[in-house]
Structures are given as C-alpha cells and as structure tokens.
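*Asks:* What follows is a structure written as structure tokens; I'll ask about it next.
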Amino acid sequence: YSKDSVNTRIKHVRSFLKYIESKGINSIESLENNHFSAFVAEMEIKGYRYSSRASILSSLRVFISSPICKDKLRVNPIILISGIRNPKHDILPSVFSPDEIARLLSAVDRGTDKGKLQYAVMLLASVYGIRNVDITNMQLDNIKWKENRISFIQHKTLKAIDLPLLDE
C-alpha cells in the first residue's frame, strides 16, 4: 500500500478504537459482536456516506484479521462488518454541468495575480480533471512550453501524465 493508503487505514482503525473506548472497552479481548454491530449502526446514524462506511469497514476487516487481533478476539465479527462493499463502478461522480463550470470560470477576476492563479487552478481541475493534490504539487517545470504539454507524475497512482496545453 502507498503511505497515504496506510495512513487512511490507520485513521479508520483509530476511529473504531476511539468508539469502543468511549463505550468503556479498553481491550480487544473484551470486544463482543454487539460492539461491532453498534459501530456500524452509529456510522449510519451519523450520516456517513456509503463509500466512507465501506472504506472504514474494509480497514477494520484487515485490522481484525491480523494475527495480533485475531488471536485476542473471543468473537468473529467478520460477518457483521462485511455487508458493506464499495464496488468502484457503483460510485457516482460529483460533477458540475458545462454551464456551471463556464459560470464559475467567468466569475474569476483574471485582472489580478491571485485571480489568474485561481483561474489556472480551476482550469486544471475542471478541464483536465487533475486531482487537487497534483495541482498543489505542480511546478512550472511541469509545463513544457516548447512541446505545448503538461507533464507530471500523479501522486495517487504514480503514473506519468502527459496532456496537451490548451490555449487558455
């Protein structure tokens, strides 16, 4: 796993550990199946998105399947936290319509340095679909002026990206 994926899994497991600690449970050996069921129910009550719950439970499944937990647990809660899956093709993308994007872009004051930067960032995100972490990490060296290209290594996938530089 990438460092970011590991950190996300750690954050997810910590949220479960904080939850059980708030219920007075201070050891893995004390966990019962109802603690896992209640944790799942609480995520739903708190309004966690389906994809967030699936991600948290995936991390929790890995954690409780590890030898350090498996040997200490007196119960097998896998069935209780296995119901939510997050197939990638089930995720609906959050998108703006072309008209909404055009209105957002036209609202930026390109007469100032700050406005020019905001406009460039918005173009990179809306036209190219570049992730915010890649925009944040972008350097002037990533723009190949002579070749009319934008080239960089994606943070998430570590894949090289080479895009045409638009007139805008």
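The values are calculated or read from the model by the stated rules, or taken from the named source; none is laboratory data. If you're wondering where the values come from, they're calculated on a predicted model, not measured in any experiment. Heads up, the Cβs are rebuilt from the backbone with ideal geometry, glycines too, and the neighbour counts pull from every protein chain shown. The area values use the complete protein model at the heavy-atom level, side chains included, leaving out ligands, DNA and RNA. Shrake-Rupley method; radii C 1.70, N 1.55, O 1.52, S 1.80 Å.
*Asks:* How about region 109-129: which of its residues are without any contact (Cβ under 8 Å) to a residue 24 or more places away in the chain and of a type in the set (Val, Ile, Thr)?
*Replies:* Once the filter is applied, which keeps residues that are without any contact (Cβ under 8 Å) to a residue 24 or more places away in the chain and of a type in the set (Val, Ile, Thr), region 109-129 yields 112, 121.
*Asks:* Just checking, which of 91, 78, 84 is modelled with pLDDT under 75 and more than 26 Å from residue 31 (Cβ to Cβ)?
*Replies:* Just a single option satisfies the conditions, and that option is 91.
*Asks:* For region 15-64, how many residues are open to solvent by 60 Å² or more (accessible area, probe 1.4 Å), closer than 23 Å to residue 5 by Cα and touching a residue at least 12 places away in the same chain (Cβ under 8 Å)?
*Replies:* Qualifying residue count, region 15-64: 2.
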